[in-house]
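Any read-out appearing in this document is the output of simple, stated calculations on the displayed coordinates, not a laboratory observation. Note that the coordinates shown come from a computational prediction; the quantities given were computed from them, not determined experimentally. Here the Cβ positions follow ideal geometry from the backbone for every residue, glycine too, while neighbour counts run over all protein chains shown.
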């Protein structure tokens, strides 16, 4: 699964990418670092930005996240270099704020409390710069640490002077320049020292860690393939159901629709399929064998002649649109009815909507199992870039009133 460009990714590929990210997130205890995201990108061939969006779209839990959790997730959504720069600036603000209070207190910071925290913020900022992915980011993060700390100190001193609280002194321009250069130098030197002494410090090799993540991804993909199977879906819907409900007696409507659902279910089960889902007048059926699905779809349309004659209590014949499509799905436990979201279902539904009333649209992916599109019919419809052949039953109820056909009376034997 290696798309040439983002726009060429199919919906199945995007869904698999999201599932991979979700599975890897579960293994990582709810978090995905940058190495894991890069590993997902390399395993799927999807751009890294797509992976980040996919991870953000995968819900972690159903609980409501706090403000700090949302802030943290927003921070993690940045790319690694941006995160280092943002962290350097934030730590610089903390260092400058603490430095201001160490000068602002009457008699100075005799306990050294604020000076200590200012130093801790500086050390954390230097560490943040040191563990950057490249020396350019390390220098930039260190420079931001020094510059922002002095700007923050000067800003608070300015505000303090405006309201004449304690009269703390701010930072001079030479100090700003000096600490900016010192931060840049510290970040660059720290990065170089860490890169050369990574093994001595017991730190893992990023390449080896990425290889380990790729191995885990391959195992996840293998498990996903175990659940992948090709199935065929039929999408069926009653035409003009809204008008049908308003123009007929409600009891007759309820009776006929119940009979309609039983009619679809009977044909589905008879041909080896299962009811996947129902939504009002629409029914989706799933089949393991495409041939059985096509047979069932034809029986549904052809069987309406008898249905309208004996089971329809409405003022007009019931007319259906139907479509069949085949494709791969990720079925948990290989149970087709457990599939909730799949591109193959969407295509079947879209083909059903463009099919003419009273016809069955058979997609090209399904038609290859029954002799091709020409074996179905000469008419064509298209939806979601999928071409389907149109099958029409020979019998039609358009000119036959419901209930007008009386069942034959059996002859009495002498």
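With the alpha-carbon atoms of the range 80-196 aligned to their principal axes, the span from lowest to highest coordinate is 48, 26, 23 Å, starting with the largest.
Stokes-Einstein at 25 °C, 0.890 mPa s, Kirkwood radius from Cα pairs: D for the range 226-308 in µm² s⁻¹?
Values: Rh = 13.6 Å.
This corresponds to a translational diffusion coefficient of 180 µm²/s.
A Förster distance of 22 Å, applied to the separation of the beta-carbon atoms of residue 378 and residue 289, puts the FRET efficiency at 0.30.
What do you get when you divide the Cα radius of gyration of the range 225-391 by 2.2 N^0.38 Å, with N the number of residues? All intermediate terms of the calculation are to be shown ahead of the outcome.
Numbers: Rg = 15.6 Å, N = 167, 2.2 N^0.38 = 15.4 Å.
That works out to 1.01 for the range 225-391.
Set the Förster radius R0 to 25 Å, insert the Cβ-Cβ distance between residue 369 and residue 279 as r into 1/(1 + (r/R0)^6), and round the FRET efficiency to 0.05.
On the way: r = 27 Å, r/R0 = 1.08.
That gives a FRET efficiency of 0.40.
Relative to the present Cα-Cα distance, how much length would full extension add between residue 194 and residue 310 at 0.36 nm per residue of separation? Don't jump to the answer; show the numbers that get you there.
Working: separation 116, 0.36 × 116 = 41.76 nm, distance 8.32 nm.
Residue separation times 0.36 nm, minus the Cα-Cα distance, leaves 33.4 nm.
Extension gain, residue 182 to residue 392: 0.36 nm times the residue separation minus the Cα-Cα distance gives 67.6 nm. Residues 121, 100, ranked from the fewest to the most other C-beta atoms within 10 Å, line up as 121, 100.
So how much slack lies between residue 266 and residue 356, counting 0.36 nm per residue of separation and subtracting their Cα-Cα distance, in nm? Intermediate values should be presented prior to the final figure.
Details: separation 90, 0.36 × 90 = 32.40 nm, distance 2.37 nm.
Taking 0.36 nm per residue and subtracting the Cα distance, the gain is 30.0 nm.
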